[in-house]
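What follows draws every value from the coordinates through simple rules; no lab data is involved. Source: prediction; values computed, not measured. Quick reminder, even Gly has a Cβ in these numbers, built from the backbone with ideal geometry, and neighbours come from all protein chains shown.
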Amino acid sequence: MSPAPTPDVAARDARAVVLCGGRGTRLWPWSRPGRPKPFLSLDDGPSWLIQAVQRGASVAARPPCVVGSWADRFLLRDHLDGIALGGLILEPTPRDTAGAVALAVASTADPDEILVLLPADHVVSDERGFAQALCTAIDQARGGAIAVLGVPARGPSTAVGWMAPGDPIAPGVHALAAFHEKPDAARAAEHLAAGHRWNAGVFVGRAQVLRAALQAHAHAVWDAAEQGMAHATDDLEARLPGEAWTACPALPFDVAVMERVQGAVVVDAPAGWHDLGRWDALAEVLDPDADGNVVRGSATVRSSGRCIVHATGGAQVTAHGVHDLVIAADAGQVAVFPRGTAPRLAPGTPSEAAPPTVHRPWGRWTTRHRTAHVHVKTVHVRPQHRLSLQRHTHRDEHWVVVEGTALVTLGEHEQTLRVGDSVHVPAGTVHRLANPGPGPLEVVEVQTGPVLDEADIERLEDDYARNVSPTPR
C-alpha cells in the first residue's frame, strides 16, 4: 500500500461530512435546545462546528457537507456563512448518527468518493497529529476498508465507547476486533489493561463501501435516507420531508453498522482528543487551580475543592465551602449536581423554553426582559438583509436604533433611522426593518400587548422563500 499523504496535502478524492445533529442536552444550561454544543467554544474563538469543518478541510479537498437539524437551520447558516459547502442536509428530527451517515452517503454522486465523517462537537488539541491519522484512514479507505479512529485511553473511562484492536495491518493500523459500548467501571479497567482504544466516533470510508454496509446491516436506515434525499426540498438547503424521515430507526452508526461489518480497521489517533459530552470532561481540557477546581467565566471559588464552576451568559457564581460539585449557570438557568454524575435534560424543564438568542436568516434577536404583556429584545440585522414585510394583530412595537442605520417601512412610507432615533409601530400597521449599510444594525425592540407570541405575524413578503403565513419570522 502506498504511503499515507501528509496533512499538508488535502486528498482530492475525499469530502468531509460534519455531523451536527445534537439537541443541546449534555452540557445544559450552557448548551441547550436552540444552542446545542457544536455552536459553542471554550475560548470564544471559532465554534466547535467550524473547527470540525476546518479539520475536515485540512485533509479532504472537496467542499464539506454538513448534516444538521432543521430546528437549527438559521444558526447553521449563520455559523457557516462564507464557507463554500458541498451540501447542507437538514433532518426534520434527529435520528442518531446512522441516519446522518446514511443521508450523507445517499447524497453522494461519486461512488468512489471517500467520506470523512466527523462529529461537530469534539475538541482536538493535537490538530496536526489528528490530521495525520485522518490521512492514514483515507489511505485505508482507498483499499476498501472502513476505518475508525482509536484514541489511546487516558484512564478507565465509563463515558466513552471502547474498541479492541486486532492484528496489525500497517504502522498505526490494526484490524478491528470488537466494539464495546460504554462499560461499567470494572469492565473499563479491563479494557484499559488490555490496551483497547477509545472510540473517537470518526469514520472514513468510500461511499460505495459505506452504502453496501448500510444496506446489509441497517436496511431500514438506508431506505429512509434514500427516500428522504429523493424527496428533499431545496429551501436554502436540502430539507427532508418529515413524514418520510420518521420511519428511520434512531441508531448509532457504531451499533447499526460497525459492530457487524467485516474488514474494518482501527487507526491510531493522538491522545489530544476530547469529547466534551459531560461537565466532568472540562477538567481534561482546562487547567485546575491548586485545589483541583476548574473555573470558567464570572465565578469566584473559595475554600472549595474539585469543583467545576462555569458561569456564562451574564451569570455570576460564588462557591464557598463546597466540594466535588458541578455548578453551571447561564442566562438565568442553573444546574448543581455531584461530580461523576451525568444528568440529562428532562422534558418539561424550564430550559426547554425559547432560548435567549434566536437565529433567523436575516440575523438574530435576544430576549432581554419578558413578562405577560411586555417583551424587550435586541434585534441584530446582518448587512444588506431585511426582515419580512409584516403586520401584527395583537401587539405594538417600539424600535430604538443603538448601532448602525435602519431603513424602516411603515405603511406606505420609508424612513431612515440612525443611532438614537426611534419609531412606533402600532398594531395592524404593515412594517419592515432593513439594514441597508455595510455594517451591523442593532435595534432595541419593545413589544407590548395582550398577545406576544411569535405566531402573531402576518407575513406579506419575504426574501428567504419562507411561507407567507403567520409563522415565526
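If I model the range 84-203 as equal point scatterers sitting on the Cα atoms and use the Debye formula, what is log10 I(q)/I(0) at q = 0.09 Å⁻¹?
Here the Debye-derived log intensity ratios amount to -0.29.
Expressed in nm to one decimal, what extension gain is obtained for the pair Asp112 and Glu127 from 0.36 nm per residue of sequence separation less their Cα-Cα distance? It would help to have the intermediate numbers written out before the result.
Values: separation 15, 0.36 × 15 = 5.40 nm, distance 2.65 nm.
Extra length from Asp112 to Glu127 when fully extended: 2.8 nm.
Tell me, rounded to the nearest percent, the portion of alpha carbon pairs in the chain spaced more than 29 Å apart. Intermediate results must be reported in sequence, preceding the final value.
Working: 60961 of 111628 pairs.
For the chain, the share of Cα pairs beyond 29 Å comes to 55 percent.
Rounded to the nearest 500, what is the chain's calculated 222 nm mean residue ellipticity when only DSSP H runs of at least 4 contribute -39500 (n - 2.57) each, over all residues? Don't jump to the answer; show the numbers that get you there.
Numbers: 9 runs with 84 residues, N = 473.
Counting only the DSSP helices, I get -5000 deg cm²/dmol.
Apply 1/(1 + (r/R0)^6) to the Cβ-Cβ distance of His424 and Glu461, taking R0 = 22 Å, and write down the FRET efficiency to the nearest 0.05.
Numbers: r = 22 Å, r/R0 = 0.99.
Using R0 = 22 Å, I get an efficiency of 0.50.
For Ala372 and Leu410, FRET efficiency with R0 = 35 Å and r from the beta-carbon atoms, rounded to 0.05? If you can, show how the numbers build up before the last one.
Numbers: r = 27 Å, r/R0 = 0.77.
Computed FRET efficiency for Leu410 and Ala372: 0.85.
Stokes-Einstein D for the range 279-338 at 4 °C, 1.567 mPa s, Kirkwood Rh over Cα pairs, in µm²/s?
Values: Rh = 11.2 Å.
Result for D is 116 µm²/s.
What do you get for Rg/Rh of the range 356-461 when both radii come from the Cα atoms and Rh is the Kirkwood radius? It would help to have the intermediate numbers written out before the result.
Working: Rg = 12.6 Å, Rh = 13.7 Å.
My calculation puts Rg/Rh at 0.93.
Over the Cα atoms of the range 11-275, what Rg and Dmax result, in angstrom?
17.3, 51
As a footprinting exposure proxy, order Phe253, Phe39 by other Cβ within 10 Å, with the fewest listed first.
Numbers: Phe253 26, Phe39 23.
Ranking Phe253, Phe39 by Cβ neighbours within 10 Å, fewest first, gives Phe39, Phe253.
Gain in length, Ala220 to Val402, computed as 0.36 nm per residue apart minus the alpha-carbon separation, to one decimal in nm?
Values: separation 182, 0.36 × 182 = 65.52 nm, distance 5.29 nm.
Here the segment from Ala220 to Val402 would lengthen by 60.2 nm.
If one takes the longest principal axis of the Cα atoms in the chain, at what angle in degrees, from 0 to 90 and to the nearest 10, does the Cα axis of helix 48-57 lie?
50 degrees
Compute the relative contact order of the chain as a whole-number percentage, counting only Cα pairs closer than 8 Å that sit 6 or more residues apart in sequence. Can you show the working numbers first?
On the way: 1117 pairs, mean separation 63.3, N = 473.
Answer for the chain is 13 percent.
What is the angle, in °, between the Cα long axis of helix 207-217 and the longest principal axis of the Cα atoms in the chain? Nearest 10 is fine, range 0 to 90.
For helix 207-217, the angle is close to 80 degrees.
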